[in-house]
Amino acid sequence: MEARAYLKYARISPRKVQIVLDLIRSKPVDLATAILKHTPKAASHELLKLLNSAVANAENNHGMNPEALYVAECFVTPGPTLKRIRPVSKGRAFRILKRTSHVTMVLKEREEV
């Protein structure tokens, strides 16, 4: 059994999110929470909220034990890009790409051995 949580249209580049996701992949939930709280990256705050949402989904919707959960899968895909224009010298315009991200987090229960 697994519990999923999604973060869609987050206004942060997928490259920046991927760096933080690599830190918590396949870690227990309590360790992943500690890593996210103490990582000074822009994506950490949003991913911590997503992790808490996934834990709540597991506990309330699937009846899973929150102490036995671990981050089974977490990945980011690019969302739509907002295109903006920045005026520069001699009447020209440079394109600014404001990238968005869709993040998926899957939690599973560890089997007791």
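The values are calculated or read from the model by the stated rules, or taken from the named source; none is laboratory data. Quick caveat: nothing in here was measured; it's all calculated off a predicted structure. Quick reminder, even Gly has a Cβ in these numbers, built from the backbone with ideal geometry, and neighbours come from all protein chains shown.
Identify the single condition in (1) loosely packed, with under 15 Cβ neighbours inside 10 Å; (2) in contact with a Ser or Thr (Cβ under 6 Å, 6 or more places away or on another chain) that V17 does not satisfy, given that it satisfies every other one.
With (1) loosely packed, with under 15 Cβ neighbours inside 10 Å; (2) in contact with a Ser or Thr (Cβ under 6 Å, 6 or more places away or on another chain) applied to V17, the lone miss is (1).
When region 1-12 is examined, which residues are found to be surrounded by fewer than 19 Cβ atoms within 10 Å (Cβ to Cβ) and modelled with pLDDT of 95 or more?
Those that are surrounded by fewer than 19 Cβ atoms within 10 Å (Cβ to Cβ) and modelled with pLDDT of 95 or more: R4, Y6, K8, Y9, R11.
Of the residues in region 17-34, how many are assigned to a helix (DSSP H, G or I) and out of contact with any Lys or Arg (no Cβ under 7 Å at 6 or more places or on another chain)? Give the derivation first.
Taking region 17-34 and keeping what is assigned to a helix (DSSP H, G or I), we get 17-24, 29-34.
Among the residues that remain, those that are also out of contact with any Lys or Arg (no Cβ under 7 Å at 6 or more places or on another chain) are: 17-18, 21-24, 29-34.
Number satisfying all stated conditions: 12.
Return yes or no: is K83 surrounded by fewer than 12 Cβ atoms within 10 Å (Cβ to Cβ) and in a strand (DSSP E or B)?
Taking the combined requirement at face value, the residue satisfies it.
When you scan region 86-93, do you find a residue that is closer than 25 Å to I12 by Cα, among the aliphatic types (A, V, I, L, M), without any contact (Cβ under 8 Å) to a residue 24 or more places away in the chain and outside any strand (DSSP E or B), even just one? Write out each step before concluding.
Pass one, region 86-93, residues closer than 25 Å to I12 by Cα: 86-88, 93.
From what's left, among the aliphatic types (A, V, I, L, M): 88, 93.
Right, trim to without any contact (Cβ under 8 Å) to a residue 24 or more places away in the chain and you get 88, 93.
After this cut, where a residue has to be outside any strand (DSSP E or B) as well, the list is 88.
Yes.
Does K8 qualify as being free of Cβ contacts under 8 Å to residues at least 40 places away in the same chain and either of a type in the set (K, R) or within 13 Å of V103 (Cα to Cα) (or both)?
When the stated conditions are applied, K8 does not pass them.
May I ask you to list pairs of residues, at least six apart or on different chains, whose Cβ atoms are under 7 Å apart, with the first in region 33-49 being more than 16 Å from A5 (Cα to Cα) and the second being polar (S, T, N, Q)?
L36/S44
I need the full set of residues from region 29-41 which are over 13 Å from N52 (Cα atoms) and surrounded by 14 or more Cβ atoms within 10 Å (Cβ to Cβ), in order please.
Answer for region 29-41, where residues must be over 13 Å from N52 (Cα atoms) and surrounded by 14 or more Cβ atoms within 10 Å (Cβ to Cβ): I35, T39, K41.
Quick one: count up the residues across region 43-65 that are outside any helix (DSSP H, G or I) and either surrounded by 13 or more Cβ atoms within 10 Å (Cβ to Cβ) or charged (D, E, K, R) (or both). Don't jump to the end; show me each part of the working.
Taking region 43-65 as the starting set, the residues that turn out to be outside any helix (DSSP H, G or I) are 63-65.
From what is left, the residues that are either surrounded by 13 or more Cβ atoms within 10 Å (Cβ to Cβ) or charged (D, E, K, R) (or both) are 64.
Number satisfying all stated conditions: 1.
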